[in-house]
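All remarks here apply to the structure that follows.
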Amino acid sequence: MSTVTLTANISGGDDFYEELLSAHDGLTKAESDSYNARLILILANHIGDRTVLSDAIQAAKSKAKDKG
């Protein structure tokens with residue numbers, strides 16, 4: 001059983017999504033990829049729970065396979 005919340009759980013989710021997109025404005029593809037990597041590492045550090053992080057990695061991988 002996953003310890004990751006996969007249902008909508010962000011207050012002001014649309015506003016967050018817009019803020020995330022805006023953070024990429026003016027960045028090249030390489031800069032955008034680097035920004036995403038830094039953000040992931042910052043959030044992973046904040047979460048800090050290796051089980052949750054591993055579950056999130058697997059959930060993202062499963063979603064990627066569903067689309068491919």
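Please treat every number below as a calculation from the coordinates, not as lab data. Nothing here was measured: the structure is a model prediction, and the numbers come from that model. Counting neighbours? That spans all protein chains shown, and the Cβs are built from the backbone with ideal geometry, glycine included.
Overview of values
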{"read-out": "Within straight-line cross-link reach of residue 63, aspartates and glutamates at Cα separation under 14 Å, skipping those fewer than 8 residues along the same chain", "value": "55"}
{"read-out": "Sites residue 18 and residue 40, calculated FRET efficiency, Cβ-Cβ separation with R0 22 Å, nearest 0.05", "value": "0.70"}
{"read-out": "Extension gain (nm, one decimal) between residue 63 and residue 10, 0.36 nm per residue minus Cα-Cα", "value": "17.2 nm"}
{"read-out": "Region 27-67: translational diffusion in µm²/s, Stokes-Einstein, Kirkwood Rh over Cα pairs, 25 °C, 0.890 mPa s", "value": "215"}
{"read-out": "Between 0 and 90°, nearest 10: helix 13-22 axis offset from the chain longest Cα axis", "value": "50"}
